[in-house]
Every structure is written in C-alpha cells, then in structure tokens.
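Worksheet: one structure, shown below.
The values are calculated or read from the model by the stated rules, or taken from the named source; none is laboratory data. Model, not experiment: these values are computed from the prediction. A quick note on method: Cβ atoms are made from the backbone with ideal geometry, for glycine too, and the neighbour counts reach across all protein chains shown.
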Amino acid sequence: MPRRNLLTPAERTGLLAFPATDDELIQHYTFADPDLSVIRQRRGSHNRLGFAVQLCYLRYPGFALPTDAEPPASLLNIVGRQLRIEPDIWPQYAQRPETRREHLLELQACPTTRPRPSCASAGKTWYVRKMDLTGASMSCACCPN
C-alpha cells in the first residue's frame with residue numbers, strides 16, 4: 001500500500017527548518033532559570049555550551065543534533081551570550097563520543113527538554129501557523145481556554 005504524504009515538501013521543510021530570525025531564535029532558545037541551573041552543572045565551558053545546544057535542538061526543532069553536524073552560528077551566538085561563553089569553543093565539545101551520548105540521555109529524561117510553552121512543539125507550531133494562515137480557530141488539551 002502506498003504511503004500517504006501528510007505534508008507537502010514545502011510544509012515539511014518549514015516544519016523542520018531552523019529558526020532564521022532573531023525573534024525566532026529568542027523565542028525558541030532563551031533559557032529560563034531551571035534551564036541555566038541544569039546547564040551549569042556541566043564541567044567545562046565547552047561541555048556547558050554543547051549541553052545547551054543539545055537542549056536547544058531537542059526543544060526545537062525536536063530532534064538531536066546529528067553527530068557530524070555543526071550548529072548554526074546564530075544558535076552558538078545566542079547560547080554563548082546567555083552562558084557568557086565564547087561560541088568558538090564548540091569544536092572542543094564531545095571529543096569523547098560518550099559525552100554527547102550521556103548528555104543526550106540526560107536531556108531526554110530532563111523535564112526542561114520539553115518545548116515551552118507546551119503547545120509550541122514543532123508539530124503544533126506548524127499547525128498553529130497553518131491555522132493562522134487559514135483564519136481558523138484552534139484549542140488544544142494543553143492550553144487552558
């Protein structure tokens with residue numbers, strides 16, 4: 001049986017696209033005090049930066065940073081500013097593959113990994129954008145209305 005495509009290629013690209021504007025970066029990647037508390041538990045600036053970037057990726061767009069991928073400079077800059085860490089130390093992160101794996105396992109179990117607000121998850125963000133474009137109204141179980 002052929003697979004149905006729920007999203008057009010353009011919608012899929014938009015859904016998985018990394019935030020491009022400063023407003024989007026701030027919206028998705030500004031850390032709250034609980035986030036900073038968890039991040040600061042890492043030893044070494046490079047591990048704090050890497051852990052924070054992994055947290056950002058898990059929050060939005062909702063998947064782990066691929067092992068061979070370099071995060072966008074805009075993300076490294078906004079994270080680095082919040083943590084008061086120079087973003088150019090990124091290459092020092094996870095020189096041991098175990099470090100990245102351990103961080104990902106910890107983040108997956110951590111409540112701060114969840115998107116904020118809860119209905120700003122990648123799928124719902126696309127859905128809300130789609131609803132905004134069509135003018136339809138929406139309510140969801142996670143939003144008190």
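Structure values in brief
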| quantity | calculated |
| --- | --- |
| Pick from segment 65-103, criterion assigned to a loop (DSSP other than H, G, I, E, B) and among the polar types (S, T, N, Q), ranking: nearest to the chain's Cα centre (by Cα) | Thr67 |
| Positions within segment 17-47 being assigned to a helix (DSSP H, G or I) and exposed (fewer than 13 other Cβ atoms within 10 Å of the Cβ), in sequence order | Asp22, Asp23, Ile26, Asp33, Pro34, Ser37 |
| Exclusive hit being in contact (Cβ under 8 Å) with a residue 12 or more places away in the chain and part of a loop (DSSP other than H, G, I, E, B), set Gly50, Gly62, Gly14 | Gly62 |
| All positions within segment 65-87 that are closer than 21 Å to Arg40 by Cβ, in contact (Cβ under 8 Å) with a residue 40 or more places away in the chain and surrounded by 17 or more Cβ atoms within 10 Å (Cβ to Cβ) | Leu75, Ile78, Val79, Leu83, Ile85 |
| Filter result (of a type in the set (D, E, K, R) and at pLDDT 85 or above) within segment 12-50 | Asp22, Asp23, Glu24, Asp33, Asp35, Arg40, Arg42, Arg43, Arg48 |
